[in-house]
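Heads up: the structure comes next, in structure tokens.
The values are calculated or read from the model by the stated rules, or taken from the named source; none is laboratory data. Just so it is clear, the model here is predicted, and its values are computed rather than measured. Cβ atoms come from the backbone with ideal geometry, glycine included; neighbour counts cover every protein chain shown. Heads up: the accessible areas ignore ligands, DNA and RNA and are worked out on the full protein's heavy atoms, side chains in. Shrake-Rupley method; radii C 1.70, N 1.55, O 1.52, S 1.80 Å.
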Amino acid sequence: MINNLDFISLPTLFFILLTFSVLSGLILLYPRIPLGFVRFHTGIIILPPIIALFALIFNNERTMFGPFRLDSLSWLLAMFVLTIGFIVQRYSIRYLFGDRNYRKYFALLTLTTVVDSVAWMSDDLRFLLICWGATLLGLTLLIRLKKEWRVARKSANLSGLLFALSWLSLLFAIIWLSQATGHWRLLHILTEDSLAQLASWEKTCINLLLIGAVVIPAAQWPLQRWLLESVVAPTPISAVMHAGIVNAGGIILTCFAPLFSGNIAQIILLVLSSISVLIGTGIMLVQVDYKRQLVGSTIAQMGFMLIQCALGAYVAAITHAVLHGLFKSTLFLRAGTVITTEKSVSKRSTQSSTFLWVIAGGVLGTLIGIAFWLTSHGEVYQFISAVILGWSVSIAWKQFMAFGKGPISRLVGFLLFAGTSIVFSVIHNAFYNLLHGAVNQGVQPPISAAIWLLLILLLGHIIGAWLSHNRSTVAYAVIYLWLLRLSEPQNGSVESHPKYLTQSRDSRRYVR
């Protein structure tokens, strides 16, 4: 009788399915519902990201749907957040089976990912504030999932306190902005006429508040402690943090791009993020705990994402947020399978590289970087991208080719290198074509800022290389111990044997 689906729009279907996802999660809380229902629940929560994918492909023109702004950016972020949420929940069916908080975990995780996805679709800043606050609260409760454990409670308290400061900073920024412009809708606020009503000092203050709102969830220096302490949470929770939560800084700054551009706040964010990149990389190198290594990597990667925002490259920041979120979530979910044996380490260390192959990689990387710079529009970020691209090509060539032994090994390495280059090019072009119309391009900072950034990163690389070859020096010992102390748990944040495990047998009974 009905030959097509025009009777119901994709946005309507999407929000209906989101509602069913929430209801399904809440039903799980009822103790009489069998635990087998969780498989039906995961079947429901996969439907909204599928609809978001269809909308992204067939209906990505900007439209307004109540308080929501629906375009390629919002559909992409919704699909990204909900997809990671589905993968984590599907993984957790067996991973957390038998945990006393099994039902609560799935309900909280569903609510957190749903409100997180809706937050980035909202054009009404009041609705965005509510959804983002609910996301931070949900993450805090997930970290506190094992509330019987004192260490988990302490980690959740620290995270909750910092999240509250982040949310209040965003609240003050939005109230100031709406009162100055007379609008609550983002599309109206970011027009030239509305922004012209803001004095220069007001823009600076609002942007500083935005920086305060984004550096905390991104775990940037000196506020990275909450992410380091959160490793006590179950590993799937660490994975779902990358679904638009720790990487929300790039999303928020992208939403406010016309306001955040051309301001001294860009330089301040550039400095904080550069320091975070160096500290996060150092933590990753000195830690032996695999989850803390991943946390150090996340701090560094989020710093680089915010550097992209500070340089006005918002398309690159969103691309980084999505791809890094998928990659790092995968690493967390497979954390239990990572075992490095002494044999594999010694085998890797005995490989030697051919000097000429290393030189060839350096020349190739330099030529590709120069070609990229000459074919770009000359923006500051493109200069940074050219340097990073050339550097990455040189390192990839060294790994795939210079360490190879014999012609067959180098042929395989070359094929992997070529395949990786093709995949990178396809993904880069796909994201650019998808987002260039939906994401505002920011005002580029002066070239001196880019040069300063490169000098800082180059200095960090030189110091790291020197220390790695001079491990018997006092400087190496001081830096190593400082990074180790910075990344180790604080007093009271670790127990040799969790005391809650010694509670009565009834309190440890499996959930049935």
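With every protein chain present, what is the per residue accessible area of the stretch 34-155 (1.4 Å probe, Å²)? Please list the in-between numbers first.
Details: 4510 Å² over 122 residues.
Accessible area per residue: 37 Å².
Roughly how much of K291 is accessible, in Å² to the nearest 10, using a 1.4 Å probe?
Taking all protein chains as shown, K291 has close to 30 Å².
If you count only protein heavy atoms and use a 1.4 Å probe, how large is the accessible surface of V423, to the nearest 10 Å²?
Estimated to the nearest 10 Å², V423 gives 80 Å².
In what order, largest first, do H242, H428, H183 sit by accessible area if the probe radius is 1.4 Å?
Working: H242 5, H428 90, H183 65 Å².
Ranked list, largest accessible area first: H428, H183, H242.
Order D193, D116, D99, D289, most accessible first, counting only protein heavy atoms with a 1.4 angstrom probe.
The ranking, largest first, comes out as D193, D289, D99, D116.
Give the Debye-formula value of log10 I(q)/I(0) at each listed q (0.13, 0.16, 0.17, 0.21 Å⁻¹), with one equal scatterer per alpha carbon of the stretch 8-121, two decimals each.
The Cα Debye sum returns log10 ratios of -0.48, -0.68, -0.76, -1.05.
For the pairs K203/K291; K146/K291; K154/K203, note any where the Cα-Cα span goes beyond 28 Å.
Check vs 28 Å cut-off fails for K203/K291; K154/K203.
Ignoring ligands, DNA and RNA, what percent of the accessible area of the stretch 247-310 is carbon or sulfur (1.4 Å)? Present the calculation step by step, with values, prior to reporting the outcome.
Numbers: 1060 of 1500 Å².
C and S atoms contribute 71 percent here.
What is the distance, in nm, between label points placed 7 Å from the Cα along the Cα-to-Cβ direction at D99 and at E61?
4.5 nm
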